[in-house]
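Below you'll find the structure, written out as structure tokens, and then a few comments.
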Amino acid sequence: YRVVRTGTGRALVGWLGWFCSSTATVHTSRTAISRFGAMEKLGSMMEYRLKTLTSWMARTGNGTLEELLHDACDTLVLWPWTTGLLWYGALGAALTYGFYLFYYQAMVWKRDLTEIGYNHILDAARIGKSDRKRVDTVNRARRLRKIGDRLPPPYPNGWFSVLESEDLARGEAKSVDCLGQNLVVFRTDAGEVNVLDAYCPHLGANLGVGGIVRGDCIECPFHHWSFSGRDGQCTNIPYSKSGTVPKVARLRKWRSLEVNGFIFVWHHVDREAEPWTFNVVQEIEDGRWVYYGKNEFLVNCHIQDVPENGADVAHLAAVHGPNMMSGSDIRYSRPAWADFGMHSWLASWQAPDESEPTHVAKMDLVHSFRIFNKFEVGKIDVRAYQIGPGYVQLMMNTSMGPFVVLQTVTPIEPLVQKVIHRFYAPRNIWNAIFQKFAILAESIMFERDMMVWNHKQFIDNPLLIKEDRLIKSYRKWYSQFYSENSVSFTMAKEKLDW
């Protein structure tokens, strides 16, 4: 633009005008240079294009060539501004999408069995995360571990989570292995969840592997026998000429319940035992509180060890006192640089009294973060309800409002527990920030416990002092979830080894 407005630009425009007026000369001189075929062709092409340009200018009224160039240059002046607007628009769209994800996207923190608690072994053997020897090294450490002489039954009685609600779509069936059982969990097109024994009584196919949901039934992938989700009874054998179905063609129907984002199953060694009433967080059910994220772990320990931490108040200062910024590896959780801040815990555990349900215990906890042991920030009041052997509701109150964490513990193997924490709170910008931080902080603290659980031995008769009296009370309360006919640890392990 600047060049065209200067004298040099005007000279250039004049030269272009002379060039256009010279097309006739080029035309009349063509015979003189006809021996140069290439130049002749070039001249013809240039003549044709210039004639087309001038005729278009005359026809459309666009004026002289200089005016046309000026108009084009004026348009080019606006191009940087247009480009800038496009870039700003793209940046704004990206920031809007990022904010949308931050505000609405749930945070998920998952760790496998080999990822936590075995770094001291892997580091010594110089085995990295992608090394194929990693799993073998961890499994060898698990086999060499002395687990204890007298372990309680690995599968206590109570409600246990088998799936999260969002993991089972309408018309979908899944195979679930837990509590020493192989189950098929499926959801009908109407949204109802059913849980049956997984193996078809015909020839033993697993209905959770290839089974198709049809109506309120599930169809076996092997021979297309159909089983009702209501009672487990076989309803159809497609190739039966008589059309009759044996009454004994039935699968065990498990009592199930879908609530607060989980699918629970009632597990009791005595099949006639009635399940207790389930505690529901109504704020989640009616949508006032929304799901902000979760963490999920596989822990190598007995199920009783996990909730026992609630009664073991002395471990809080030892394991969870050091600054969370020092990480989850308890070998390095006390660096000098992190001493400026420590976590403070005041806790108490209480068994139910005579007027309360026997399957619910309570824990009160006050957390704060102390800076230089003088300034106290981040205070959280917690009331935890231990509901049976595998479910905990942690009702939390902060200065910015309440939220709840739901913990489920489900035995996958006799000494492998699947632990999930789901976080719920009212939808607002504060919780969009705080809940993600809470998931991170809780995950770090839980991984510190995992480093202990993954290597500890279960002691049936531990050496306790007076300050450990709550542990004794807890074990007495927890023993109600074992029955005389509960599968022993030895039997469960032998069955699994086979």
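Just a few scattered comments:
- Per-residue SASA remark: TYR332, around 130 Å² accessible (1.4 Å probe; ligands, DNA and RNA not included).
- Restraint check, LYS253/LYS493; LYS146/LYS456; LYS174/LYS418, Cα-Cα greater than 19 Å: LYS253/LYS493
- Counted charge near VAL269, where neighbours are those whose Cβ lies closer than 15 Å (Asp, Glu -1; Lys, Arg +1): 0
- Surface analysis of region 158-259 yields an accessible area of 47 Å² per residue, using protein heavy atoms and a 1.4 Å probe.
- For LYS133, the solvent-accessible surface computed with a 1.4 Å probe is close to 130 Å², ligands and nucleic acids excluded.
- With R₀ fixed at 41 Å, the C-beta to C-beta distance from ASN279 to LEU91 puts the FRET efficiency at about 0.30.
- Cross-link reach list, lysines versus LYS379, counting only Cα pairs under 18 Å and skipping chain neighbours closer than eight places: LYS436
- Region 184-209 and region 106-123 have Cα centres spaced 32 Å apart.
- Extension gain, VAL269 to THR244: 0.36 nm times the residue separation minus the Cα-Cα distance gives 5.7 nm.
- One decimal place: the segment ILE433-GLU354 gains 24.3 nm when fully extended, by the rule 0.36 nm per residue minus the C-alpha distance.
- Heavy-atom accessible surface of region 158-259: percent carbon and sulfur, 1.4 Å: 50
- Accessible area, probe 1.4 Å, largest first, for residues HIS120, HIS267: HIS120, HIS267
The values are calculated or read from the model by the stated rules, or taken from the named source; none is laboratory data. Everything numeric here is computed off the predicted structure, so don't read it as measured data. Cβ sites come from the backbone with ideal geometry, for glycine too, and all protein chains shown count toward neighbours. For accessibility, only protein heavy atoms count, side chains too; no ligands or nucleic acids. Shrake-Rupley method; radii C 1.70, N 1.55, O 1.52, S 1.80 Å.
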